[in-house]
Amino acid sequence: MVNTQNTAITRIYSPRQVACGALGGPVGLIYFLWANFAIMKKDNHTKLTAVLGVVFIIGLIFSAPFVPPNIPGLAFTGLYVVLAFLMSRRFHLNNNEIVASSEYTFHSSFRVFCITVICFWASYIVVAGPLHLLYSIGFFTV
């Protein structure tokens with residue numbers, strides 16, 4: 001007996017899950033947006049997200065020393081979350097579309113949490129590591 005029905009359901013991140021994933025810093029922001037584009041097979045958006053993500057992180061590294069010290073780091077986290085939510089709502093499927101779809105369902109919240117923690121540490125490494133190196137070679141003055 002051969003199963004001719006296509007019953008595979010693909011898991012995708014909701015806009016809220018993407019926003020929560022952005023709590024993992026810039027790597028979280030980029031990863032969750034990139035992952036949804038890859039899941040939806042939007043290859044041009046996937047590539048553009050990766051390229052703009054690298055440019056964004058490089059921009060963060062070189063602009064970080066010029067941020068006034070009275071601006072809290074939480075402001076940047078808030079910016080990542082809002083940006084992720086708005087971009088996900090604009091370019092990905094919203095909750096109602098995912099629920100109504102026979103092709104997609106949600107990823108688990110536990111998965112989002114675990115990936116967010118990994119992205120947080122990856123963000124720390126890819127931003128703080130180069131910053132430390134640039135300070136140690138005298139590129140930025142203290």
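The values are calculated or read from the model by the stated rules, or taken from the named source; none is laboratory data. Please read these numbers as outputs of a predicted model, since none were measured by experiment. Neighbour counts are summed over all protein chains in view; Cβ atoms, including those assigned to glycine, are modelled from backbone coordinates with ideal geometry. The protein model used for the area step is the full one, side chains on, heavy atoms only, and it has no ligands, DNA or RNA in it. Shrake-Rupley method; radii C 1.70, N 1.55, O 1.52, S 1.80 Å.
Looking for something within 17 Å of the chain's Cα centre (by Cα), open to solvent by less than 40 Å² (accessible area, probe 1.4 Å), β-branched (Val, Ile, Thr) and on the phi < 0 side of the Ramachandran plot - is there at least one such residue anywhere in the stretch 125-133?
Checking the stretch 125-133: at least one residue is within 17 Å of the chain's Cα centre (by Cα), open to solvent by less than 40 Å² (accessible area, probe 1.4 Å), β-branched (Val, Ile, Thr) and on the phi < 0 side of the Ramachandran plot.
So which residues in the stretch 91-107 are in contact with a strand residue (DSSP E or B) (Cβ under 9 Å, 6 or more places away or on another chain) and either among the aromatic types (Phe, Trp, Tyr) or open to solvent by 60 Å² or more (accessible area, probe 1.4 Å) (or both)?
Scanning the stretch 91-107 gives Glu97, Val99, Glu103, Tyr104, Phe106.
Yes or no: Arg111 open to solvent by 90 Å² or more (accessible area, probe 1.4 Å), of a type in the set (Lys, Arg) and modelled with pLDDT under 95?
So Arg111 does not fit the description; no.
For the stretch 27-49, indicate whether the set of residues that are aromatic (Phe, Trp, Tyr), part of a helix (DSSP H, G or I), closer than 22 Å to Val126 by Cβ and open to solvent by 30 Å² or more (accessible area, probe 1.4 Å) is non-empty.
The answer is yes, given that some residue of the stretch 27-49 is aromatic (Phe, Trp, Tyr), part of a helix (DSSP H, G or I), closer than 22 Å to Val126 by Cβ and open to solvent by 30 Å² or more (accessible area, probe 1.4 Å).
State the number of residues belonging to the stretch 59-90 that are open to solvent by less than 80 Å² (accessible area, probe 1.4 Å), without any contact (Cβ under 8 Å) to a residue 60 or more places away in the chain and within 19 Å of Val126 (Cα to Cα).
Of the residues in that region, 7 qualify.
Check whether at least one residue in the stretch 94-108 is within 15 Å of Ala35 (Cβ to Cβ), modelled with pLDDT under 95, part of a helix (DSSP H, G or I) and over 15 Å from the mean Cα position of the chain (by Cα), and report yes or no.
yes
Going by the structure shown, is Val54 surrounded by fewer than 16 Cβ atoms within 10 Å (Cβ to Cβ), over 13 Å from Gly24 (Cα atoms) and β-branched (Val, Ile, Thr)?
yes
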